[in-house]
1. Name the residues in the stretch 211-231 that are of a type in the set (A, V, I, L, M, F, W, C) and open to solvent by 50 Å² or more (accessible area, probe 1.4 Å), would you?
2. Are any residues in the stretch 271-290 within 16 Å of Leu178 (Cα to Cα) and of a type in the set (Asp, Glu), and if so, which ones?
3. Every residue in the stretch 38-57 that is acidic (Asp, Glu) and either surrounded by 15 or more Cβ atoms within 10 Å (Cβ to Cβ) or in contact (Cβ under 8 Å) with a residue 60 or more places away in the chain (or both), please.
4. Sort out which residues of the stretch 58-75 are open to solvent by 60 Å² or more (accessible area, probe 1.4 Å) and under 19 Å from Val299 (Cβ atoms), and write them in order of number.
5. Within the stretch 68-113, how many residues are not basic (Lys, Arg) and not in a helix (DSSP H, G or I)?
6. Taking the criterion of being assigned to a helix (DSSP H, G or I), within 17 Å of the chain's Cα centre (by Cα) and in contact (Cβ under 8 Å) with a residue 24 or more places away in the chain, would at least one residue in the stretch 223-235 satisfy it?
7. Could you tell me whether any residue of the stretch 249-258 is open to solvent by 50 Å² or more (accessible area, probe 1.4 Å), under 30 Å from Gly224 (Cα atoms) and under 19 Å from the mean Cα position of the chain (by Cα)?
8. Does any residue in the stretch 11-37 that is open to solvent by 50 Å² or more (accessible area, probe 1.4 Å) and among the aliphatic types (A, V, I, L, M) come within less than 6 Å, Cβ to Cβ, of a residue that is part of a helix (DSSP H, G or I) and modelled with pLDDT under 90 six or more places away or on a different chain, and which pairs are these?
Amino acid sequence: MRRRQPTALGGPVMRTATRLAARIGWTLLALGVLSVLIFIAMNYKSPEEIARAAVGRTATRDQLDAYATAHGLYDPLPTRYLSWLGHAVTGDLGVSPITNRPVAGVILPELARTLTLAGLGVVIGIPSSIALGTFMARRKGSRSDIGFLMASVALAATPEFVIGLGLLMIFGVWLGWLPIESGSAFAFGTGTQQIMAYVLPALTVAVAIIPHMYRFVRTAVHEGLQAPFVEAARLRGLPSRTIHWDFVMRNSAAPIINAAAFNIVFAVSGLVAIETVTSFPGIGDHLVQAIAQGDAITVQAIALILATVVLVVFLLADLLTLALNPRLRLSR
């Protein structure tokens with residue numbers, strides 16, 4: 001009687017766990033490299049120059065020395081980086097020299113507003129892109145498809161701040177439907193006014209996402225419709241709904257998820273311009289103010305947070321693609 005050969009340790013489960021650990025490890029490594037680059041970019045100047053930017057141009061030599069000593073600017077750069085990173089991991093992002101307030105206490109509420117704004121724009125933009133791209137994939141080459149494609153190319157080439165200014169003029173100035181100044185709504189407005197303050201920037205995010213996402217979805221779904229297994233499913237007499245969801249969309253999920261991840265990152269990075277144009281009090285608008293004021297501590301804290309958000313989005317997209325594609329999980 002032939003004895004059965006033992007299978008590899010763990011089998012598919014072990015390979016999946018290895019892939020997950022590898023993706024998480026590469027994400028942490030990328031975050032570490034980015035943190036080094038961010039810190040060097042904000043601290044490449046001499047201690048006196050950094051102290052003068054924080055204290056002011058009229059500061060005396062004694063004031064500069066006192067600030068540099070208090071903040072460890074005379075320590076070696078690797079020592080300062082490790083100290084900054086250790087505090088950042090625990091949630092201590094430093095104290096702003098401009099406001100003398102803890103940076104974390106100031107930017108975390110703004111980060112919550114920014115992520116809410118990005119989430120609203122993504123919730124509007126990505127489902128709309130998937131619906132429109134799926135609809136036009138079945139009509140590829142028609143007049144309506146060519147018209148939508150040309151419009152999407154033109155809109156994709158338009159910068160976010162131009163889209164924001166256009167929507168601001170239409171809905172804020174001409175029609176008067178939406179508030180022009182978002183900051184005053186969060187400072188003095190009611191709950192309804194604060195909700196309305198999200199509408200214009202969220203709509204700008206959605207309009208900026210749709211032309212990029214739409215073309216990815218249109219191409220992926222069209223290629224799925226032309227696949228041999230879809231034709232075989234039609235010949236077997238399967239319902240159109242089953243073919244669409246179980247064959248076309250499931251096999252198009254990986255490129256659509258990757259496109260969605262890129263567009264979410266695009267939305268988060270583009271919020272700097274969108275928040276500035278619409279005067280939305282988020283972390284992007286604060287970043288512009290911190291750069292103008294020379295607040296290096298706030299700038300490097302915001303840059304580290306945005307880098308973390310971007311890497312987490314790509315990691316989640318990677319893991320979701322791995323979960324939906326059995327071939328990736330089972331391949332060696």
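The values are calculated or read from the model by the stated rules, or taken from the named source; none is laboratory data. Remember, it's a predicted structure, so these values are computed and weren't measured experimentally. Please note: Cβ atoms are built from the backbone with ideal geometry, for glycine as well, and neighbour counts cover all protein chains shown. These area figures cover heavy atoms from the full protein model, side chains too; ligands, DNA and RNA do not enter into them. Shrake-Rupley method; radii C 1.70, N 1.55, O 1.52, S 1.80 Å.
1. Pass one, the stretch 211-231, residues of a type in the set (A, V, I, L, M, F, W, C): 213, 216-217, 220-221, 225, 227, 229-230.
Those that are of a type in the set (A, V, I, L, M, F, W, C) and open to solvent by 50 Å² or more (accessible area, probe 1.4 Å): Phe216, Phe229.
2. Glu275
3. Just the residues of the stretch 38-57 that are acidic (Asp, Glu), to begin with: 48-49.
Across the stretch 38-57, the qualifying residue is only Glu48.
4. Correct list: His71 only.
5. Narrowing the stretch 68-113 to residues not basic (Lys, Arg): 68-79, 81-100, 102-112.
Filter once more, keeping what is not in a helix (DSSP H, G or I): 71-76, 90-100, 102.
Total satisfying the criteria: 18.
6. Within the stretch 223-235 (the criterion being assigned to a helix (DSSP H, G or I), within 17 Å of the chain's Cα centre (by Cα) and in contact (Cβ under 8 Å) with a residue 24 or more places away in the chain), the answer is no, since none of the residues qualifies.
7. yes
8. Leu34/Ala307
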